[in-house]
Amino acid sequence: MPEALLEAPDEVVGAGLDALELPVAAPRRRSVLRLVLPPLAAIALLIAVWQALWAAAFWPEYQLPAPLDVGKELWSQIVSGDVWSIIWTSVHRAVLGFVTGVLIATPAGLVIAKVSWLRSALGPLLSGLQSLPSVAWVPAAVLWFGITPSAIYFIVLLGSVPSVTTGLISGIDQIPPILPRVAKVLGAGRFATAWHILLPAALPGYLAGLKQGWAFSWRSLMAAEIIATSPQLGVGLGAYLDQGRNFNDMPTVIAAIALILLVGMGIELLAFRPVEKAVLRARGLRV
């Protein structure tokens, strides 16, 4: 047996060693349980603590309602069908604004990463825009565009573009310098180099920027919907939250917060998590 191993080709030995280093894949049912059970347990624990605090009456009812009252508010919105309209109003705005931001930020990040004087000029501005609270843009957007969908989309764009651009620049900075040089030697043009070399090699940093850009877009949208309310804008999650505040209806406020949280978590789990897993699996970092 040892002689057979010694006579084996180097490729076979290397493949065997690589297989030993890879983690063992767990059964699919167990993986799903590991993914689902911890968040459910955390939510159950949170509701239990909430119920205990409500029963102890540390705060008056109008400040801390019972979990059952919040559940009744959510159920009434589901039964009436209004919850789907509210969620759709916000989600389609966030997705449309985010996709537009990605289409703007991707070529901008490629250019800024490769033009040194442009990076020196715009780099600090991107960092400042990324740290600037989105709510600061709401008054300006209302004065520029009025209380219209254009003002909402403008705020969402300002939330997504800096993060996506910065993430792509960071990913390009981590590319080994030999890769663009090889592309140049092989005669690849700028567009081919960007499409076939820079973007694939910078994918981990780019994906991190996309996730952060989505989070900033979602937060920007909520700030815009809370402040800029109008019948022509419809009722999104932010407006639904603001309605609860206006009527001093704490169950509605907490129900709106729960919906905002669930939608944000749902987009993360259904859209970004599978893409992230696919990228790691393609690079041999995940089974």
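Only the coordinates and a few stated rules stand behind these numbers; no lab work does. Quick caveat, the model's predicted, so the values are computed rather than measured. Every residue, glycine as well, gets a Cβ built from its backbone with ideal geometry; the counts of neighbours run over all protein chains shown.
Values for this structure:
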| quantity | calculated |
| --- | --- |
| Listed residues Leu64, Gly234, Pro38: farthest to the positive end of the dipole of the chain (Cβ charges) | Gly234 |
| Size of charge dipole - the chain - debye, nearest 20, with Cβ of Lys, Arg +1 and Asp, Glu -1, no other charges | 540 debye |
| Length added when fully stretched, Leu269-Arg190, from 0.36 nm per residue minus Cα-Cα | 25.0 nm |
| Under Karplus coefficients 6.51, -1.76 and 1.60, residue-wise ³J(HN,Hα) of the stretch 238-243 in Hz, glycine/proline x | x, 5, 4, 5, 5, 4 |
| Potential lengthening between Gln243 and Ile43 on full extension [0.36 nm per residue; Cα-Cα distance subtracted] | 69.5 nm |
| The chain shape via C-alpha gyration tensor axes, a/c threshold 1.5 | oblate |
| For the chain, with +1 on Lys and Arg beta carbons and -1 on Asp and Glu, the positive-most of Met222, Gln174, Val275 along the dipole | Gln174 |
| Calculated FRET efficiency for the pair Trp117/Arg34, C-beta based, R₀ 51 Å, to 0.05 | 0.55 |
| Two-site label geometry, Leu68 and Trp88: point separation in nm, points 7 Å out along Cα→Cβ | 3.4 nm |
| Paramagnetic label zone (point 7 Å from Cα along Cα-to-C-beta, Gln232; backbone N under 17 Å) in the stretch 134-155 | 141-155 |
| Prolate/oblate/rounded call for the stretch 152-287, Cα gyration tensor, a/c under 1.5 rounded | prolate |
| Residues Tyr240, Tyr153, Tyr62, sorted so that the one with the fewest Cβ neighbours within 10 Å comes first | Tyr62, Tyr153, Tyr240 |
| Helix axis angle, 149-173 relative to the chain longest principal axis, alpha carbon, degrees | 30 degrees |
| Surrounding net charge for Val111, when Lys and Arg each add one and Asp and Glu each subtract one, Cβ distance under 11 Å | +3 |
| Ascending count of other beta-carbon atoms within 10 Å, so fewest first, for Leu129, Leu110, Leu221 | Leu129, Leu110, Leu221 |
| Charge tally in the Cβ shell below 14 Å around Ser230, where Lys, Arg are +1 and Asp, Glu are -1, Ser230 excluded | -1 |
| Lys277, Lys114 arranged by Cβ crowding within 10 Å, fewest neighbours leading | Lys277, Lys114 |
| The chain, helix-only ellipticity at 222 nm - DSSP H runs n ≥ 4, -39,500 (n - 2.57), divided by all residues, nearest 500 | -25000 deg cm²/dmol |
